[in-house]
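Accompanying notes for the structure given below.
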Amino acid sequence: MQRKLSLNQQDALIGFGLILPSLLIILGISLQPILSTLFLSFFESSRGINVERIFVGLGNYTALLSDPVFWVTIGRTMYFTLVSVGLELVLGLAIAQLIHSHPPGWQFLRTSLIIPWAVPTIVNGTMWRWIYNADYGALNGLLVQLGIIDKYIPWLTKPDVAMNLVILADIWHSVPFIALILQAALATLPADLEEAAAVDGANALQRFLLIRLPLLRPAILVALVIRTVEAFRVFDIIYVITNGGPAFGTVTISYLTYLETFSFGNLGRGSALSFLISLFTLIMAFIYIRVLYRPEETQ
Amino acid sequence: MKRPLRTLLQVILVIPVVLFIYLPVAWLIISSISTRSELLSTPIHWIPQQPTFENYIDILAPGQGTSEVAKTFRITLWNSLLVASSVTFIALTLGSLASYALIRLRFPFRQTMLIGILGTRMIPEISLVIPLYLFATRFGLFNSPLILIITYLSFALPFAIWLMAAFFNTIPVELEDAARIDGCNRIETLFRIILPISAPGLVSTGLFVFLTAWDEFFFALILTSTVSAKTVPVAIAEFTGRYVVDVGGMMTGGVLAAIPPVILSLIFQRYIVSGLTAGAVKG
């Protein structure tokens, strides 16, 4: 005799049924590969992964941690992350404030912000590489015509200049993202708090620092965490604008992983590197979920 | 501050922002309609004297003398469209069902699964690509649109589940209770009540997934090698290697690759901001 399932049991059954396809896909293309990457990171396979595989334990990790190139690359990646995210936050907040003050044409400005955000990363990089071109680029053309420089400069031949120009391209793409998030948050803030403070004699700076900024904190934190994770693993835009050059001067940690794995064929070492990137990302993801995901909403 | 002075100050601040947004785009578009000799001239020709749409015609309506490059763009645009649409369709279908279950049904390990799925969304592509590459070569999927569709789901599916979860959270439970009192079971409630009123959430999630897939570069770079599977970002990136060869053609490819995401984002702009706030990231 078939026992009739209780409503809760039915729910559980339907729930598993609905979730199963997604779960299998995620297990197959995310969980299995990441574990596999961890596994490969314990081996050395300089002659190709299918030819030879020598177990080296944590060898790849200790080799990396004692390699100056690794630390230089980490430093460079940190520079890129801190400078680009820092500037993006300041500019994004400024633009959000500007929109919030409803200047003439503020709706046009808000709509315009969507364009740099929507342009694909590779197109963005290609566009800026052409602007920075040494012989025919718009940057040289503009600066010469304005009389700021008197002859064309090969911008991308100096590592630190090249890195800062990559950051400029990244800023063009990402400031709109932060500005859009923050202006949406600003629009939801209650006006009466600041009005009350103004009545009590607080000046504009005090109102901004003591009332508006604390209220914006959650939105700022969300934008900050998302951008930090993205910036730390930057790859696409560097690949297009500088190709890691000049003289490996713009190689970031993701780019180094790419080179180790696909140019030098050190799959084990590449796996170790990429696992370290994952580790960093997961720490950030933990913060991200704590910030964004509020369990009480789903109860 | 006096009103006119305040307005003047605002305008002084707005102008540089608008210029910074539009000047690079304007230059991209101008470069795409300039002749080669004008592009390679000093001093620079800001406004092309002989604007030409030849590059666009070459890519969109190839004829006898069409260059290899233009043909490549045409095919890769098509590959991008195929991959991004398939990924969007699969992620939206499977993701919304999973998301509904995770948000509204009670079963063991629900919370753990939800957090786990959100966590996989954060795994960088570079940490998955080596095993996926080995998998692709072993099963003859290397350089096929199919392997891109499969691998793109690694970010698209958790992403869709996440965004739909944020949306399902806003639908009142009372609505479902009412449907069940009227005699609908869970599945009927889902398909007759919940999904129809979730149309805005589905549109916005679909938009974000499509944009992310269209933007994707790394998997496509590693897992494809010829035009039979290459996507448009890979075609454009390869071009930059062999520079100044055909800047006009390359810029045209860039404009054409940017048009679908820009137009879609402008049409659905009210979904973008709410989606961004819910944690949508396009890279």
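With respect to B:TRP162, is the statement that it is at pLDDT 85 or above, within 13 Å of another protein chain (Cβ to nearest Cβ) and over 22 Å from A:ASP11 (Cα atoms) true? Considered against the rule, which asks whether it is at pLDDT 85 or above, within 13 Å of another protein chain (Cβ to nearest Cβ) and over 22 Å from A:ASP11 (Cα atoms), B:TRP162 comes out as no. Of the listed requirements (1) over 29 Å from A:PHE177 (Cβ atoms); (2) out of contact with any Leu (no Cβ under 8 Å at 6 or more places or on another chain), A:PHE232 misses just one: (1). Do we find a residue being among the polar types (S, T, N, Q), surrounded by fewer than 21 Cβ atoms within 10 Å (Cβ to Cβ) and either touching a strand residue (DSSP E or B) at 6+ places or on another chain (Cβ under 8 Å) or not in a helix (DSSP H, G or I) (or both) anywhere in region A:201-211? Yes, region A:201-211 contains a residue that is among the polar types (S, T, N, Q), surrounded by fewer than 21 Cβ atoms within 10 Å (Cβ to Cβ) and either touching a strand residue (DSSP E or B) at 6+ places or on another chain (Cβ under 8 Å) or not in a helix (DSSP H, G or I) (or both). Residues of region A:222-247 that are more than 19 Å from A:LEU168 (Cα to Cα) and not aliphatic (A, V, I, L, M): none at all. Among the residues of region B:114-133, which ones are assigned to a helix (DSSP H, G or I), more than 7 Å from chain A (Cβ to nearest Cβ) and modelled with pLDDT under 90? Matches in region B:114-133: B:LEU114, B:GLY116.
Scanning region A:115-138 for residues that are part of a helix (DSSP H, G or I), farther than 17 Å from B:VAL234 by Cα and not hydrophobic (A, V, I, L, M, F, W, C) turns up just one, A:PRO116. Restricted to helices (runs of 4 or more DSSP H) entirely inside region A:1-114, those with at least 3 residues that are within 12 Å of another protein chain (Cβ to nearest Cβ) are A:7-26, A:32-40, A:68-100. The combined condition, being within 11 Å of chain A (Cβ to nearest Cβ) and surrounded by fewer than 17 Cβ atoms within 10 Å (Cβ to Cβ), is fulfilled by B:LEU8.
Any idea which of A:GLY105, A:GLY86 is surrounded by fewer than 22 Cβ atoms within 10 Å (Cβ to Cβ), out of contact with any helix residue (DSSP H, G or I) (no Cβ under 7 Å at 6 or more places or on another chain) and of a type outside the set (Asp, Glu)?
A:GLY86
Would you confirm whether or not region B:144-155 contains a residue that is more than 18 Å from the chain's Cα centre (by Cα) and closer than 29 Å to A:LEU273 by Cβ? There is at least one residue in region B:144-155 that is more than 18 Å from the chain's Cα centre (by Cα) and closer than 29 Å to A:LEU273 by Cβ. Scanning region A:231-245 for residues that are touching an Asp or Glu at 6+ places or on another chain (Cβ under 9 Å) and at the interface with chain B (Cβ under 7 Å from one of its Cβ atoms), we see that the one that is surrounded by the most Cβ atoms within 10 Å (Cβ to Cβ) is A:ARG233. Among the residues of region B:94-109, those identified as facing chain A (nearest Cβ under 7 Å) and in a helix (DSSP H, G or I) are B:LEU94, B:GLY95, B:LEU97, B:ALA98, B:TYR100, B:ALA101, B:LEU102, B:ILE103. Here B:MET251 passes the criteria (1) at the interface with chain A (Cβ under 9 Å from one of its Cβ atoms); (2) hydrophobic (A, V, I, L, M, F, W, C); (3) surrounded by 14 or more Cβ atoms within 10 Å (Cβ to Cβ); (4) within 14 Å of the chain's Cα centre (by Cα) except the one numbered (4).
Here A:ASP135, A:ASP160 are screened, and the one residue that is more than 11 Å from every other protein chain (Cβ to nearest Cβ) and either of a type in the set (Asp, Glu) or under 21 Å from the mean Cα position of the chain (by Cα) (or both) is A:ASP160. Within the set B:ILE187, B:ILE197, B:ILE236, B:ILE181, the sole residue that is touching a residue at least 12 places away in the same chain (Cβ under 8 Å) and surrounded by fewer than 24 Cβ atoms within 10 Å (Cβ to Cβ) turns out to be B:ILE197.
Selection of region B:47-84 for residues being over 29 Å from B:LEU221 (Cα atoms), within 14 Å of chain A (Cβ to nearest Cβ) and surrounded by 14 or more Cβ atoms within 10 Å (Cβ to Cβ) yields only B:PRO48. Of all residues in region B:226-237, none satisfies being in a helix (DSSP H, G or I) and more than 10 Å from every other protein chain (Cβ to nearest Cβ).
Picking from residues in region B:18-60 that are of a type in the set (Gly, Ala, Ser) and part of a loop (DSSP other than H, G, I, E, B), the one that is nearest to A:GLY92 (Cα to Cα) is B:SER34. Within region B:61-70, the set of residues being in a helix (DSSP H, G or I) and either of a type in the set (Val, Ile, Thr) or touching a residue at least 12 places away in the same chain (Cβ under 8 Å) (or both) comprises B:VAL69, B:ALA70.
Report yes if some residue within region B:141-148 is surrounded by 21 or more Cβ atoms within 10 Å (Cβ to Cβ), without any contact (Cβ under 8 Å) to a residue 60 or more places away in the chain, more than 7 Å from chain A (Cβ to nearest Cβ) and not aromatic (Phe, Trp, Tyr); otherwise report no. No, there is no match, as no residue in region B:141-148 is surrounded by 21 or more Cβ atoms within 10 Å (Cβ to Cβ), without any contact (Cβ under 8 Å) to a residue 60 or more places away in the chain, more than 7 Å from chain A (Cβ to nearest Cβ) and not aromatic (Phe, Trp, Tyr).
The values are calculated or read from the model by the stated rules, or taken from the named source; none is laboratory data. On a predicted model such as this, the values are computed, not experimentally measured, just so you know. Counting neighbours? That spans all protein chains shown, and the Cβs are built from the backbone with ideal geometry, glycine included.
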